[in-house]
Every structure is written in structure tokens, then in C-alpha cells.
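*Asks:* Dumping the structure here so I can ask a few things about it.
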Amino acid sequence: MPAICARIAFVALCATQSWTQQASVDPAQASHYFAEMKAASERDAGHLWGHRLYGPMLFVDPDTRFAVGNQQDREGKLTARDDVFTGTVPPELGVSNTAAKWAGITWTMVVWPLPENRRDRIQLMAHECFHRIQPVLGIEPKSDVLNSQLDTRDGRIWLQLEFRALERALWSSGVGRSQAIADALYFRAYRRSLFPGSAERENALEINEGLAEYTGVTIASRSNGEGLSTDVVALRLAPQKRSFVRSFAYVTGPAYGFLLDGSGQAWRAKIRANSDLSQMLAAAYHISIPAVTQAEAARRAQGYDGDEVIALENDRAERQEKAIADAKARLIDGPVLILPLSANVRYTFNPNAVMAIDENMTVYPNTQITDEWGVLRVEKGALIVRKKGHLVRAQVPAPKDAESRDGDGWKLDLNAGWRLEKGERAGDLVVKAGGE
């Protein structure tokens, strides 16, 4: 993925181990990477968003928990070492690429190691720096936006046809570009007509992750052509993703951004949390989208090898049906451990691997979930359940008994004052307050 962005809040502890035990993040290399991001930000000089991207940054090794920052925090948690600051983060931290508030500072947190390629590295750092300045821009993300429709056969077909039309638009100019944009917008409008309510959810993720990725590609590229070629490659490779539920915006965001740039319109200053990039693009190129029909969508699809996309997705649909059945058997139908989720839950995930059971139930193959009851680390899949857009519980296969703190592909560090009790179904267990 490109970078994975989950909401993470954490508390870091002062270093207590020896330097040789902790030096998993090379301070000298970290200092070099900080300088790269600072130089890239200075080249932009706040032009892109009206604010400089470079600011407090923290590189964290997810295994050793060793962290290197580019500045001192406000609570003295980090220790100065040459021109950087080092410390250790606690086990309950779900390390992720994100913006994180800690020790009086809002940091850009990036998982170590960073990409070896300079452009990929700056793209990742700039992407995460954008998340740190989002509140200043007035476009704070909606939490936990999920687009389960993009795990369905029809959702994937019409999204990939949109990808193909966007790719053609990026390479074209004049009338050819306008026609390809019109096709991309038609495919999007038709897809959204099949899934009521999906427009708002897709827009929310596109404004959050799509604009962050657009920022990353733009800042990392030394020329407009370099940025365009990067996005074309992303569009071409996108169908290889296992899931588009949380990842599609990393592809469409830069494409819409570059096409809007090409229109000459001052669009970035108009962005709001509820903006629709497709509507902005249609207005910028004076394109009117007629009422969508299946026949017209199919006709336009012929110009983008639509039959090929449909055939591939028919094959995938059969495999996906089996994968969903297996996940249901393991995480829903069989005995499970149920962990209630509060409004303060924090969790990490790979957006390219998320699998939607339906609009309310999602499987995360690898995740770390932190809540009032403690920390759950999962390597073989956890189910997260939503109700009316809010997270309500997580489920993993039940352990052998109420005294166990691990099971099939997971481990639980339970806080004092919590215990496992029998659930409503035979074999189920539930985490509840009241234990020692």
C-alpha cells in the first residue's frame, strides 16, 4: 500500500534498555530521511496546501518499539542523541503510518524501515505529513470509513473500468482527455447507482487517503511528467490488489488530483470534508453526466476491454465466495471470543488485505486492537463488527477456556479488572470488566 493509515494514539516510555538492544532504527539514517523530507517540503514551500508539510516526525520499529524523532517532545520522553531524539514506545502501541498525538506533540509517525527508493520514501513521508496538517486544512477524516461494495463483483468491475478510463485521460489531451474523463465519471456514477449510500462513503475515504496519496506523489516527483507516470503505473497495477475496500482511494485520489491540476482550476482551496472529487472534475472540464443506464455503461465499457474485466471478476467471485464462507465458519459460526469496542478503540490494518463480509462485518487478516480491556494481536484474522457506522465488537476464534489468553492466530494481553466469561452461545467467551 502504499502507506496504511489507522487512528493511533499512544504513550511512549523513556528508554530503559541499552543502546545495543534498541538501535533497530539507525539514528544517522533517520536523520538523513528527516533531511530529505524537510528539503522536499521546502521545495514545495507551502504551495500545495498553503502550509508547510514538514514538522514533528517519529520513526518507530514495530518489533523493538525503538523510536527516533526529529525534535524533542514537550514531556521529556525522548532523549537527545546527536541531532535526533530517541526513546521506546510501549507494547500497547499499534505502530502504524499515521498522525499521532503524544507527549504534547502531534507527530507524523512512520513505520521503520522506510522504502529504499528515495521517491517512494518521500512519497510515504509526505503522505503521512498531510494527515498531520489535515485539521489545519479543515478536512479532518471521518473515522472508520468502509466501502464494502468494492468487494463485490459489480463494485470491482465498474471501479476497474473507472481506473482504465482515468489512465487514458492522464495520457490524453484535448478532446481525448475530456472523453476519457466523461467515461470515468460515467462508470463511477453507474457503480454508485448500484449501491445506494456508497457515494458519501467513497468520497470520505478519497478526501482522506486519496488526497494524502496525491500529496505524496506530487511532493516526491521532480516534474509533472514524473508524477503522472507514477499515477499511471498505480492505475495499471491496481487490479492486482486483493481488496479495494480501504485501498481504492490511493489510486483514484492522485488521478483526480492530477486531472484537476491539468484543468488550471484552483481546486485545492475549495476542498472540504464532504467534497466530491468527481463533481469537481466534471465542473472543471465542463462535463455533464447523463442519467446512467446499464446499456450505456456496457457500451462505454467496450472501449476499455470491459469483457476482460468481467471475465476476471467472475473467476474472482467464485474464490471470494469460498473465502467468505471460510471466514464465517471460523469467526462467526463457530465458538468465538467477543471483545467489546469502545469509542476510544485503536487498531492497525493493511488496507490492501481487508475483506468485507457485508457492510457491517469486516475481516482484518493482521491487526492489533487496543481498547480499555488491553491489547489483542492477531495474525490469522479478526472480525470487526459495526452498527450504524460505529465499531461495536471484535471476534476471534474462542480459546480453550476462560483462563487462556491466546488462541488460533491471536494473543490477548488483558488489563487488570477484566476477565473472560461465558457468552450466550455454547463455547463463546466474552471479555467483561470485573476481573482481577
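*Asks:* For residue 327, state whether it is small (Gly, Ala, Ser), modelled with pLDDT under 95, part of a helix (DSSP H, G or I) and buried (at least 16 other Cβ atoms within 10 Å of the Cβ).
*Replies:* When the stated conditions are applied, residue 327 does not pass them.
*Asks:* So which strands (runs of 3 or more DSSP E) stay within segment 37-105 end to end and still have 1 or more residues that are more than 24 Å from residue 378 (Cβ to Cβ) and free of Cβ contacts under 8 Å to residues at least 60 places away in the same chain?
*Replies:* Ranges flagged: 57-60, 66-69, 79-81, 84-88.
*Asks:* Also: Residues in segment 287-295: is at least one over 23 Å from the mean Cα position of the chain (by Cα), under 23 Å from residue 153 (Cβ atoms) and not in a loop (DSSP other than H, G, I, E, B)?
*Replies:* Yes, segment 287-295 contains a residue that is over 23 Å from the mean Cα position of the chain (by Cα), under 23 Å from residue 153 (Cβ atoms) and not in a loop (DSSP other than H, G, I, E, B).
*Asks:* Taking segment 185-195 only, how many residues are without any contact (Cβ under 8 Å) to a residue 60 or more places away in the chain and surrounded by 22 or more Cβ atoms within 10 Å (Cβ to Cβ)?
*Replies:* 1
*Asks:* Right, another one. Among the residues of segment 140-147, is any acidic (Asp, Glu), touching a residue at least 40 places away in the same chain (Cβ under 8 Å), assigned to a helix (DSSP H, G or I) and over 19 Å from residue 216 (Cα atoms)?
*Replies:* no
*Asks:* Another one. Within segment 401-422, identify whether any single residue is without any contact (Cβ under 8 Å) to a residue 60 or more places away in the chain, in a strand (DSSP E or B) and within 28 Å of residue 198 (Cβ to Cβ), and answer yes or no.
*Replies:* no
*Asks:* Out of (1) in the same structural domain as residue 422 (by TED's automatic domain parsing); (2) of a type outside the set (Ser, Thr, Tyr); (3) in contact with a Phe, Trp or Tyr (Cβ under 7 Å, 6 or more places away or on another chain); (4) part of a helix (DSSP H, G or I), the odd one out for residue 339 is which?
*Replies:* Answer for residue 339: the failing condition is (4).
*Asks:* Identify, please: which residue in segment 365-399 is closer than 21 Å to residue 201 by Cα and modelled with pLDDT under 95 and is, among those, surrounded by the most Cβ atoms within 10 Å (Cβ to Cβ)?
*Replies:* Across segment 365-399, the extreme among qualifying residues is 391.
*Asks:* Given the condition polar (S, T, N, Q), surrounded by fewer than 23 Cβ atoms within 10 Å (Cβ to Cβ) and either in contact with a Cys (Cβ under 6 Å, 6 or more places away or on another chain) or at negative phi (or both), answer yes or no: does some residue in segment 253-271 qualify?
*Replies:* Scanning segment 253-271, I find at least one residue that is polar (S, T, N, Q), surrounded by fewer than 23 Cβ atoms within 10 Å (Cβ to Cβ) and either in contact with a Cys (Cβ under 6 Å, 6 or more places away or on another chain) or at negative phi (or both), so the answer is yes.
*Asks:* Of the residues 204, 169, 126, which is over 25 Å from residue 348 (Cα atoms) and either hydroxyl-bearing (Ser, Thr, Tyr) or buried (at least 19 other Cβ atoms within 10 Å of the Cβ) (or both)?
*Replies:* From the options 204, 169, 126, the qualifying one is 169.
*Asks:* While we're looking at this one, here's another question. List the number of the failed condition for residue 333; all other conditions in (1) modelled with pLDDT of 95 or more; (2) surrounded by 15 or more Cβ atoms within 10 Å (Cβ to Cβ); (3) in the same structural domain as residue 372 (by TED's automatic domain parsing); (4) not β-branched (Val, Ile, Thr) hold.
*Replies:* Failing condition for residue 333: (2).
*Asks:* Something else: Among the residues of segment 288-315, write down those that are aliphatic (A, V, I, L, M) and either touching a residue at least 40 places away in the same chain (Cβ under 8 Å) or more than 15 Å from residue 194 (Cβ to Cβ) (or both).
*Replies:* 289, 292, 297, 301, 309, 310, 311, 312
The values are calculated or read from the model by the stated rules, or taken from the named source; none is laboratory data. Keep in mind that what you see is a predicted model, and the values were worked out from it rather than measured. Ideal geometry is used to build each Cβ from the backbone, glycine not excepted, and the neighbour counts take in all protein chains shown.
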